[in-house]
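The values are calculated or read from the model by the stated rules, or taken from the named source; none is laboratory data. Computed from a predicted model, the values in this text were never measured in an experiment. Using ideal geometry, Cβ is built from the backbone for each residue, glycine included, and neighbour counts are taken over all protein chains shown. SASA here: full protein model, heavy atoms, side chains in, ligands and nucleic acids out. Shrake-Rupley method; radii C 1.70, N 1.55, O 1.52, S 1.80 Å.
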Amino acid sequence: MSGIVGIYQRNGAPMERAVLQSLVDFLSYRGPDSRECWIDGSIGLGHAMLRTTRESAGERQPASLDGRFWITADARLDDREGFLAELRRAGRVVQPEAPDSELILQAYASWGTACVERLRGDFSFAIWDARNKQLFCARDHFGVKPFYYAQRGYLFLFSNTLNCVRMHPEVSGELNDMAIGDFLLFGLNCDNATTSFRDIQRLPPAHSLIISPGDSKIRRYWAPPTDGRIRYARPREYIEHFQSLFQAAVTDRLRVDRVGILLSGGVDSSSVAAAAKEVPAKGAQSTDLRGYTHVYESLIPHDDGGFASETGEFLRVPVKFITLDQTELFEGWNDPELNLPEPIGNPLFAGSLNSYRIISADCRVLLSGEGGDNLMEFQMWPYVQDLGRNGEWRRLLTEMANYLWIRPFPWRGIRARILRFAGKDPYRREFPAWLATAFKRQANLAERWKEGREVPNWWARHPIHPRGYASLSLPEWTLMFEQEDAGVTHYPVEVRYPFLDLRVVNYLLALPPFPWFFQKMLLREAMQGRLPERVRMRPKTPLQGDPVLARLKGTGTEELKRIPLSADLDCYLDRSALIAPNIKMNYEQITSSLRPYCLSMWLQSARRIRDNIHLEAGNG
């Protein structure tokens, strides 16, 4: 979770050290171990170090190879042993304890810009190639590590922290109306290539960018595979193969002395904890494991704490409970130290920030069970169609018979269909009536709303896992990763996701969904004897209430009336049409009606950041 930044004057103008140094100093909160700059003529790279692997103990960045290549990176690589062997076969001399940034440099020296196709892990980096006078930038496959950039004339500026890019005097604070429109409609920017600011772009996941004096080229270097097909003769082989890959994924994320685990008490996060606990038993260097569980004690019914405690006792992992009951709506949003980079649709986000404050006091690395639900989402019909297309009639009949025999009667599905038919679906979205007419027309929001509600054509690209495949490209992932990044939380905690290891992803996308994804049979079988039975067989359990609605019921809506709405909102919405959220609304109505308040709070914060930037520039 180190901070990276760089400036390239493509017209050859010399770099100003003071400007680069100020940007590196700004990143000190996310890289407290060291801060360094490197400048050579028109190029400058900066780095604020947070050591989160054992190999990074003596690492220094920006780092060089042969004086020709320079790198600034926030990176953690998977399968280091395999990658080291690959580099050595290419003729590179690399020490086993070399930091990940050096391995990336060696890869670039061997394969050039194609090196990114061989990398596995979480990374955001830029490499300066002095001979070719080009800057090569890349972001990992799922976008776990952020990468933002701005091009202003001959100036190219980048960082993994959006507010750092905003600090540069050449970058304006003009907003991107399309992104703001997306936020008001959907609660997030649906375009992974843009940000809320007109001058600042986002490098999408699985993309690389080449910047040279006269050109810039962006390309996608990876997409989730659609052609995998793993079929074993024995059921046990599926489970053993998954256990091996999942254990490797967790082990690769434990290269540090102390690790926290977000332990919800569900089977996904508990499986991560079980795999992590077994690593020392397999001969690896010991890691101190600690669990963290978010709980509600009174605001809403909530039983995650009991399941997490049971898992902790079974695995002998201490668990700390972080209560969220006392978080108020929009708590701390007027704090001058908050400075959220982009609007956030969760009015209880202060609870998340407080969690990272607590965790950062103990750990620099945090494991998450996110990804399991998406990758193991069960769909039977695409699988049946695929069997038919391939003429596997015997298997089709057998699988359908077994599925119909064990499938429970879909009471929950019937209830949801009845509610939708009656117009009472709590998740039914409605186009906001309070959007300003001119803004709707200018940003083409009616068409955007229609596009956002339609199923895109690329969802059907995978023959048997269309939803799981498509979910990997959803902008919600980018939102989640960036909101858990230190650039937003302001606490130096790096979150890692074993289920999003490429080895695990490729394997799961190649499996037959039945029986392995039905009620997550694959994961539950893999954890047999490794978790308490009550946890191993616990069904997927959503929150039993909405914390925002519960808070509204407890405090009423009078609190919202005391929140001043920014004058900057007037170009986006019609104030006279605003309806304050109330307890009679359904979930989606409350969420939608709160977005103007969220945007108002953020606009005031964004203006404050810009004023502070001008003040610091004047004092400089």
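So here's what we get for this one:
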{"quantity": "Counted residues, region 39-63 - those being crowded, with 18+ Cβ neighbours inside 10 Å and in a strand (DSSP E or B)", "calculated": "8"}
{"quantity": "Residue match in region 457-464 (condition: part of a loop (DSSP other than H, G, I, E, B), within 24 Å of the chain's Cα centre (by Cα), surrounded by 14 or more Cβ atoms within 10 Å (Cβ to Cβ) and modelled with pLDDT of 90 or more)", "calculated": "yes"}
{"quantity": "Residue within region 157-173 that is hydroxyl-bearing (S, T, Y) and more than 21 Å from S64 (Cβ to Cβ) present", "calculated": "yes"}
{"quantity": "Selection from region 146-170 of residues that are farther than 20 Å from R220 by Cα and open to solvent by 20 Å² or more (accessible area, probe 1.4 Å)", "calculated": "R152, G153, Y154, M167, P169, E170"}
{"quantity": "Residue that is surrounded by the fewest Cβ atoms within 10 Å (Cβ to Cβ) [pool: residues in region 194-208 that are touching a residue at least 40 places away in the same chain (Cβ under 8 Å) and hydrophobic (A, V, I, L, M, F, W, C)]", "calculated": "A206"}
{"quantity": "Filter result (in contact (Cβ under 8 Å) with a residue 40 or more places away in the chain, in a loop (DSSP other than H, G, I, E, B) and open to solvent by less than 20 Å² (accessible area, probe 1.4 Å)) within region 64-102", "calculated": "D78, A98"}
{"quantity": "2 or more residues open to solvent by 10 Å² or more (accessible area, probe 1.4 Å): qualifying strands (runs of 3 or more DSSP E) within region 269-388", "calculated": "288-295, 319-323"}
{"quantity": "One residue from A193, A179 being under 17 Å from the mean Cα position of the chain (by Cα) and modelled with pLDDT of 95 or more", "calculated": "A193"}
{"quantity": "Contacts under 6 angstrom Cβ, first residue in region 121-145 being over 15 Å from Y497 (Cβ atoms) and open to solvent by less than 10 Å² (accessible area, probe 1.4 Å), partner charged (D, E, K, R) and modelled with pLDDT under 95, 6 or more apart", "calculated": "none"}
{"quantity": "Top-ranked residue in region 1-26 [being closer than 17 Å to W70 by Cβ and among the aliphatic types (A, V, I, L, M); ranked as nearest to the chain's Cα centre (by Cα)]", "calculated": "I4"}
{"quantity": "Test: residue in region 89-96 that is within 29 Å of the chain's Cα centre (by Cα) and of a type outside the set (K, R)", "calculated": "no"}
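Yes/no matrix, rows are residues, columns are (1) under 29 Å from L474 (Cα atoms); (2) in a loop (DSSP other than H, G, I, E, B):
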| site | (1), (2) |
| --- | --- |
| W111 | no, no |
| A114 | yes, no |
| E117 | yes, no |
| D122 | yes, no |
| R131 | no, yes |
| L135 | yes, no |
| H141 | yes, yes |
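The rows are residues; the columns are (1) of a type outside the set (G, A, S); (2) not in a loop (DSSP other than H, G, I, E, B).
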{"site": "K217", "(1), (2)": "yes, yes"}
{"site": "W222", "(1), (2)": "yes, no"}
{"site": "F242", "(1), (2)": "yes, yes"}
{"site": "A249", "(1), (2)": "no, yes"}
{"site": "V259", "(1), (2)": "yes, yes"}
